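Asker: Submitted below is the structure of interest, expressed as structure tokens.
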Amino acid sequence: MLFLYNLAVQFAGFLLKTISHFSPKMKLFIDGRKDVFQILEQNIKSTDATIWFHAASLGEYEQGLPVIEAIKKQFPTHKIVLTFFSPSGFEVRKNNTIADVTVYLPLDTKKNAQEFLKFVHPELVFFIKYEYWLNYLAELKNQNIKTYLISGILRDNQLFFKWYGGFYRKALETFTYFFVQNENSKKLLQQLGKNNVSVSGDTRFDRVVNILEKDNTLDFVSQFKNNELLVVVGSSWPKDEKLLVDFINSNPINLKFIIAPHNIKEEQIKELQKSISKKTILFSEKNQRNCADFDVFIIDTIGILTKIYSYADIAYVGGGFGNPGVHNLLEPATFGIPIIIGPNYSHFAEATALVNLEGCVVTRNEKELKEAFSNLIHNEDIRHEKGHICHTFVQMNKGATSIILKHILNDTI
């Protein structure tokens with residue numbers, strides 16, 4: 001089976017190279033991996049002590065960030081090496097300041113795994129949430145390097161739990177310890193005889209709690225809001241925007257909207273702006289005009305949505321009308337903001353919890369969307385009550401990082 005796995009990786013590499021001629025994203029995926037070993041050789045000496053963190057994409061990076069920061073404080077003389085699999089993670093966070101070296105993870109071949117570990121020679125390794133690359137894990141085990149899964153999620157439909165998944169189950173033997181998000185993940189691992197596991201929770205809660213301690217000031221948002229009620233639409237997709245635009249255009253009261261689309265391609269931004277009948281300004285135009293004169297602000301840039309949420313009175317989080325589903329609810333929740341989402345949220349534990357707690361309102365069509373907004377806009381008490389539920393939920397679930405760090409320190413001393 002491992003032979004077939006390696007054959008599939010080789011074929012995927014060939015296929016992605018072919019696709020890269022037609023896909024800008026795949027071109028980044030391929031081109032970004034060309035100089036990885038050269039970058040590692042230039043930035044890591046054989047005498048350097050290193051710690052390696054791997055994140056599949058941007059969400060996993062954000063999830064692991066509190067642990068990276070905590071480890072960096074505890075091991076200040078170690079170099080932090082951060083790898084991404086996806087361009088959507090690497091391209092956004094390649095200039096981060098927390099890691100000493102940030103690169104794409106080379107494709108999972110035996111040769112790449114050996115070369116990568118030769119240059120990085122980590123003392124500790126952390127895989128964030130998931131991604132089980134068999135050759136990397138096998139080489140880590142061969143070299144007896146301590147390897148941890150943090151904020152892990154396991155489900156019974158994964159290969160580990162299939163009768164034919166023996167070669168994947170073997171890969172789990174690499175992990176020194178599993179820090180998982182919930183009891184179900186722990187039970188599934190225990191069914192495989194893995195008792196080196198504990199429920200630490202989700203480190204994303206620690207990350208969003210830390211946001212409250214940072215400076216979230218954005219003068220242009222304050223100017224735009226101008227003391228009026230503000231709805232922030234975060235990570236919206238066209239299906240979200242179609243419903244929202246109808247509501248925005250028909251809304252008679254003084255209400256401000258900020259829309260931060262998930263995709264900021266110029267043609268999609270222009271289409272969105274064209275569909276809105278109210279006075280609209282783009283982030284790229286903010287220095288040329290008085291933001292307070294506009295009703296709708298479209299954010300055609302990345303990296304500032306979290307700070308924007310701090311100004312919101314109501315948040316709509318996008319993705320819930322598509323697959324795999326709704327985006328990150330924890331960022332608006334930490335600021336104590338009531339949240340509205342679409343119907344596809346069941347794969348996300350925090351979304352399910354907030355819906356059950358009634359801090360988050362689910363809408364399935366335009367009629368329900370308008371009712372949800374109307375209820376929150378016109379009833380300040382309900383708005384504050386749901387916002388308080390969201391904030392309390394985040395505060396009650398923080399602490400995963402300290403659990404992980406305590407174990408790691410005990411394990412390394």
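The values are calculated or read from the model by the stated rules, or taken from the named source; none is laboratory data. Because the structure is a prediction, the values reported are computed rather than measured. Glycine also receives a Cβ, built like all others from the backbone with ideal geometry; neighbour counts cover every protein chain displayed. Each accessible area value is taken on the protein alone, full model and side chains, heavy atoms only, with ligands, DNA and RNA left out. Shrake-Rupley method; radii C 1.70, N 1.55, O 1.52, S 1.80 Å.
Asker: If you place +1 on the Cβ of every Lys and Arg and -1 on the Cβ of every Asp and Glu, how big does the dipole about the Cα centre of segment 21-201 come out, in debye to the nearest 20? Display every interim value, and only then the final one.
Answerer: Values: 23 positive and 17 negative charges, 70 e Å.
The dipole of segment 21-201 has a size of about 340 debye.
Asker: If you don't mind, there's one more thing I want to ask. If r is the Cβ-Cβ distance from GLU366 to LYS278 and R0 is 22 Å, what FRET efficiency results, to the nearest 0.05?
Answerer: Values: r = 18 Å, r/R0 = 0.80.
In this case the efficiency is close to 0.80.
Asker: Any idea which of THR176, LEU7, TYR130 is furthest toward the positive side of the dipole for the chain, if Lys and Arg beta-carbons carry +1 and Asp and Glu beta-carbons -1?
Answerer: Highest projection toward the positive end goes to LEU7.
Asker: For TYR132, TYR148, TYR345, give the ranking by accessible area with the largest first, probe 1.4 Å.
Answerer: So the residues, ranked largest to smallest area, are TYR345, TYR132, TYR148.
Asker: Here's something else I'd like to know. Can you compute 3J(HN,Hα) from phi for each residue in segment 174-183, using the Karplus curve 6.51 cos²θ - 1.76 cosθ + 1.60 with θ = phi - 60°, rounded to whole Hz and x for Gly and Pro?
Answerer: Running phi through 6.51 cos²θ - 1.76 cosθ + 1.60 with θ = phi - 60° gives 5, 6, 5, 7, 10, 10, 10, 7, 8, 5 Hz.
Asker: I'd like the per residue volume of the convex hull spanned by the Cα atoms of the chain, given in cubic angstrom. Mind showing how you got there, number by number?
Answerer: Details: hull volume 63.3 nm³, N = 413.
Spread over its residues, the Cα hull of the chain gives 153 Å³ apiece.
Asker: Once the Cα atoms of helix 380-396 and of the chain are each reduced to a long axis, what angle between those two axes, in degrees from 0 to 90 to the nearest 10, is obtained?
Answerer: With rounding to tens, the tilt is 10 degrees.
Asker: Can you give me the relative contact order of segment 340-400 as a percent, contacts being Cα pairs under 8 Å and 6 or more apart? Mind dumping the intermediate values first?
Answerer: Working: 43 pairs, mean separation 19.8, N = 61.
After rounding, I find 32 percent.
Asker: Kindly sort ASP35, ASP48, ASP219 by accessible area of their heavy atoms, largest first, with the probe set to 1.4 Å. Can you show the working numbers first?
Answerer: Working: ASP35 80, ASP48 35, ASP219 120 Å².
Ranking ASP35, ASP48, ASP219 by accessible area, largest first, yields ASP219, ASP35, ASP48.
Asker: How do SER200, SER88 stack up against each other in accessible area, from largest to smallest, with a 1.4 angstrom probe? Could you put the intermediate results ahead of the total?
Answerer: Working: SER200 10, SER88 50 Å².
Heavy-atom accessible area, descending, gives SER88, SER200.
Asker: Which value in nm describes the separation of the simple spin-label points at ILE264 and GLN42, placed 7 Å from the Cα toward the beta carbon?
Answerer: 2.7 nm
Asker: Which value, in Å² rounded to 10, gives the accessible area of SER346 with a 1.4 Å probe and all protein chains present?
Answerer: Rounded to the nearest 10, that gives 90 Å².
Asker: In square angstrom, what is the accessible area per residue of segment 214-397 with a 1.4 angstrom probe?
Answerer: Each residue of segment 214-397 exposes 47 Å² on average to a 1.4 Å probe.
Asker: Classify segment 340-388 as rounded, prolate or oblate from the Cα gyration tensor: take a ≥ b ≥ c as the square roots of its eigenvalues, call it rounded if a/c is under 1.5, otherwise prolate when a/b beats b/c and oblate if not. Kindly include the intermediate steps, with their values, before the conclusion.
Answerer: On the way: a/c = 3.80, a/b = 1.25, b/c = 3.05.
Oblate, because a/c is 1.5 or more while a/b does not exceed b/c.
Asker: With all protein chains present, how much of the accessible area of segment 133-237 (probe radius 1.4 Å) comes from carbon and sulfur, to the nearest whole percent? All intermediate terms of the calculation are to be shown ahead of the outcome.
Answerer: Working: 2050 of 4760 Å².
Solvent-exposed carbon and sulfur of segment 133-237 make up 43 percent of the total.
Asker: Per residue, how much accessible area does segment 21-201 have with a 1.4 Å probe, in Å²?
Answerer: Value returned for segment 21-201: 45 Å² of accessible area per residue.
Asker: Label-point separation (nm) for ASN226 and SER20, each offset 7 Å from Cα along Cα-to-Cβ?
Answerer: Rounded to a tenth, the inter-label distance reads 4.9 nm.
Asker: Right, another one. So for the chain: antiparallel DSSP bridges make up what percent, rounded to the nearest 5? Please report the intermediate quantities before stating the final value.
Answerer: Numbers: 0 of 47 bridges.
So the antiparallel bridges amount to about 0 percent of the total.
Asker: Would you mind giving the three semi-axes, in whole Å and largest first, of the ellipsoid equivalent to segment 221-309 according to its Cα gyration tensor?
Answerer: Values: eigenvalues 59, 50, 31 Å².
After diagonalising the Cα gyration tensor, the semi-axes are 17, 16, 13 Å.
Asker: Which entries in the list LYS27/LYS129; LYS94/LYS214; LYS270/LYS398; LYS110/LYS146 go over 28 Å, if you measure between the two C-alpha atoms of each? Write out the running numbers ahead of the final one.
Answerer: Values: LYS27/LYS129 26 Å; LYS94/LYS214 21 Å; LYS270/LYS398 40 Å; LYS110/LYS146 19 Å.
Violating the 28 Å limit, Cα to Cα: LYS270/LYS398.
Asker: Using only alpha carbon pairs under 8 Å that are at least six residues apart, calculate the relative contact order of the chain and give it in whole percent.
Answerer: Over the chain, the number comes to 12 percent.
Asker: Test of the criteria: in segment 309-371, which trypsin sites (Lys or Arg not before Pro) are in a DSSP loop and have at most 15 other Cβ atoms within 10 angstrom of their Cβ? Mind showing how you got there, number by number?
Answerer: Working: sites: ARG364, LYS367, LYS370; in loops: ARG364.
Taking segment 309-371 and a limit of 15 other Cβ atoms within 10 Å, the loop trypsin sites (Lys or Arg not before Pro) found are ARG364.
Asker: Once a ≥ b ≥ c are taken as the square roots of the eigenvalues of the Cα gyration tensor of segment 21-201, is the result rounded (a/c under 1.5), prolate (a/b larger than b/c) or oblate (a/b not larger than b/c)? Don't skip to the answer; put the middle values down first.
Answerer: Numbers: a/c = 1.55, a/b = 1.36, b/c = 1.14.
Here segment 21-201 falls in the prolate category.
Asker: Run the helix sum for the chain: -39,500 (n - 2.57) per DSSP H stretch of 4+ residues, divided by residue count, reported at 222 nm to the nearest 500 deg cm²/dmol.
Answerer: Working: 19 runs with 193 residues, N = 413.
About -14000 deg cm²/dmol.
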